[in-house]
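A.B. asks: For reference, the structure I am asking about is given below.
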Amino acid sequence: MSAMSDSAREKLVLDHVPLLRYVVGRMSVPSGLDRDDMLGWGMIGLLSAADNWDESRGLKFSTFAFPRIRGAILDEMRRADLLPRGRRESLRDIERSTAQLEQELGAPPTLEQIAERAEVTIDDVESALADARAVIESSLDHDSASGPLGALLSDPRTEDPVGTAAWEEMKGLLAATIQELPEPERTVILLYYGEEMLLKDIGEVLGVTESRVSQIHSKAIYRLNRELALAHGENVR
């Protein structure tokens with residue numbers, strides 16, 4: 001590894017603070033966690049990347065640093081109990097209700113059906129979905145990550161390689177399903193995936209808080225996966 005002066009290291013880190021903010025800004029934040037904490041954890045990963053990067057290997061620093069920033073954040077998230085006990089219990093209740101309904105209906109339930117079964121409001125379900133997506137992204141809860149909510153909150157995908165007929169069909173179906181989403185869900189999906197905007201910036205566009213954007217995003221992903229599953233006539237699990 002080639003030696004780097006302190007001033008060069010400092011400049012490298014400062015030049016890539018926007019990358020740090022981008023990584024953090026694209027991650028869901030569970031209830032009770034401050035995004036500033038995530039920035040601090042990510043900075044540890046950025047500093048570590050600067051200490052271990054070897055320019056002579058031909059790898060761009062941003063490419064080298066990206067997984068280390070995200071990894072440092074996820075490591076700290078896994079060490080913390082991010083959801084208060086009440087929130088975790090509520091999430092598990094909604095997970096159980098989703099599983100029961102999916103078994104009974106033979107298809108993913110609507111948010112309204114989940115709320116009725118769990119005896120909570122739609123707002124409660126939307127909030128729980130945002131928490132669940134953040135938990136699943138961080139692999140903090142194996143049961144949630146592998147259960148019905150895990151499947152319905154994952155980014156729509158196919159196991160077939162890109163370029164296959166199945167993948168092309170999936171892309172077409174996904175595009176059509178996105179257009180059928182109600183506002184502001186469609187806007188959030190298009191800005192997040194199409195324009196790669198940060199959740200905070202999307203909130204400024206819509207005039208809502210970042211946490212509300214996270215809820216809308218999670219609800220839209222759930223709805224997309226449900227519609228894709230129904231279109232294929234099968235469960236998503």
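A.B. asks: Test of understanding: what is the full-extension gain from Val205 to Asp123, defined as 0.36 nm times their sequence separation minus their Cα-Cα distance?
C.D. replies: 27.4 nm
A.B. asks: Is the shape of the range 19-128 best called rounded, prolate or oblate, per the rule: a/c under 1.5 gives rounded, else a/b larger than b/c gives prolate, else oblate, with a ≥ b ≥ c the square roots of the Cα gyration tensor eigenvalues?
C.D. replies: Because a/c hits 1.5 or more and a/b exceeds b/c, the range 19-128 counts as prolate.
A.B. asks: Right, here's the next one. Only counting other Cβ atoms within 10 Å, I'd like Thr110, Thr177, Thr121, Thr209 sorted with the fewest neighbours first.
C.D. replies: Fewest-to-most Cβ neighbours within 10 Å comes out as Thr121, Thr209, Thr110, Thr177.
A.B. asks: Taking the Cβ of each residue in Met77, Met27 as the centre, tally the other Cβ atoms inside 10 Å and list the residues starting with the fewest.
C.D. replies: Met27, Met77
A.B. asks: Hey, another quick one. From the Cα trace of the range 6-79, what convex hull volume per residue do you get, rounded to a whole Å³?
C.D. replies: Each residue corresponds to 84 Å³ of Cα convex hull volume.
A.B. asks: Shifting gears a bit: What list do you get for Ile216, Ile44 if you sort them by fewest beta carbons within 10 Å?
C.D. replies: Going from sparsest to densest Cβ surroundings: Ile44, Ile216.
A.B. asks: With the crude spin-label approximation of a point 7 Å out along Cα→Cβ, what separation in nm comes out for Leu14 versus Ser154?
C.D. replies: Those two pseudo-labels are separated by 4.3 nm.
A.B. asks: Between Glu116 and Glu195, what is the FRET efficiency for a Förster distance of 45 Å, r being their Cβ-Cβ separation, to the nearest 0.05?
C.D. replies: E(calc), rounded to 0.05, equals 0.80.
A.B. asks: Would you mind computing, in nm to one decimal, how far apart the modelled labels at Arg85 and Met4 are, each placed 7 Å from Cα along Cα→Cβ?
C.D. replies: 4.5
None of the figures in this text is laboratory data; all of them are computed from the coordinates on show. What you see is a predicted model, and the numbers here were worked out from it, not measured in a lab. A quick note on method: Cβ atoms are made from the backbone with ideal geometry, for glycine too, and the neighbour counts reach across all protein chains shown.
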